[in-house]
Amino acid sequence: MKSHILPAIKLTFCCLLLLAVLYPLAMFGLGKAVAPNGGKGEVVEANGRTVGYALIGQNFSDDRYFWSRPSAVGYNAAGSAGSNKGPSNPDYLATVQARLDTFLVHNPGVRANQVPSELVTASGSGLDPHLSPQGALVQVARIAKVRKLNVKDLELLVAQHTEQPLLGLFGTATVNVLELNLALDNLK
């Protein structure tokens with residue numbers, strides 16, 4: 001028995017040292033060396049000041065801007081979470097319907113079947129900074145009217161800020177709402 005216990009204790013200690021200390025330290029060091037901003041996130045700046053982070057959604061609800069995807073956590077990065085309500089939950093359905101009604105009031109001429117689901121449903125994290133190109137394009141008429149801009153110019157702006165899938169295969173095309181709205185403010 002003694003001949004089995006001692007090697008098991010040694011193996012446990014070695015695995016503990018390797019997997020709970022050395023490997024996490026190596027990954028932490030690699031992250032600090034390779035990741036943008038030393039692993040603290042990709043900072044977005046405008047006019048010399050930090051306005052947000054590229055991978056954390058923000059609330060845009062002014063008619064002058066492209067609206068963000070709704071957040072179940074109020075865009076609080078410390079509390080990333082979904083709503084945890086299923087698609088048949090009456091409270092969830094009422095929330096989605098209220099978001100749809102609000103969107104339609106602010107975007108006259110858009111029919112309910114033209115509104116992409118991401119504009120009325122929160123993401124799993126509640127912090128999604130992206131929309132589909134369709135989610136941005138459905139808002140163009142409202143923004144053009146409020147800002148007195150040409151619709152074609154706004155459509156071009158959306159196209160310029162559309163990120164294609166990785167290698168053209170993995171994922172879907174997306175538009176970062178913060179970066180699109182910053183470009184919108186810089187549009188002459």
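Values quoted throughout were computed directly from the atomic coordinates according to the rules given, and no laboratory measurement underlies them. Only a predicted model underlies this, so the values are computations on that prediction, with no experimental measurement involved. Glycine gets a Cβ as well: all are built from the backbone with ideal geometry, and neighbour counts include every protein chain shown.
Going residue by residue through the range 74-86, is there one that turns out to be under 17 Å from Leu182 (Cβ atoms) and either surrounded by fewer than 13 Cβ atoms within 10 Å (Cβ to Cβ) or in contact with a strand residue (DSSP E or B) (Cβ under 7 Å, 6 or more places away or on another chain) (or both)? Scanning the range 74-86, I find no residue that is under 17 Å from Leu182 (Cβ atoms) and either surrounded by fewer than 13 Cβ atoms within 10 Å (Cβ to Cβ) or in contact with a strand residue (DSSP E or B) (Cβ under 7 Å, 6 or more places away or on another chain) (or both), so the answer is no. Considering only the range 164-188, how many residues are in a loop (DSSP other than H, G, I, E, B) and of a type in the set (A, V, I, L, M, F, W, C)? Looking only at that region, the number is 4. Among the residues of the range 64-86, what is the count of those that are touching a helix residue (DSSP H, G or I) at 6+ places or on another chain (Cβ under 8 Å) and farther than 30 Å from Leu149 by Cα? Within the range 64-86, residues that are touching a helix residue (DSSP H, G or I) at 6+ places or on another chain (Cβ under 8 Å) and farther than 30 Å from Leu149 by Cα number 4. When residues in the range 136-167 are screened for being among the acidic types (Asp, Glu) and more than 19 Å from the chain's Cα centre (by Cα), 2 of them pass.
Being β-branched (Val, Ile, Thr) and farther than 30 Å from Asn107 by Cα holds for only one residue in Val43, Val51, and it is Val43. May I ask you to list the residues in the range 114-163 that are of a type in the set (Val, Ile, Thr) and not in a strand (DSSP E or B)? Those that are of a type in the set (Val, Ile, Thr) and not in a strand (DSSP E or B): Val115, Val120, Thr121, Val138, Val140, Ile143, Val146, Val151, Val158.
Within the range 145-174, the only residue that satisfies the criterion of being among the aliphatic types (A, V, I, L, M), in contact with an Asp or Glu (Cβ under 8 Å, 6 or more places away or on another chain) and without any contact (Cβ under 8 Å) to a residue 60 or more places away in the chain is Ala173.
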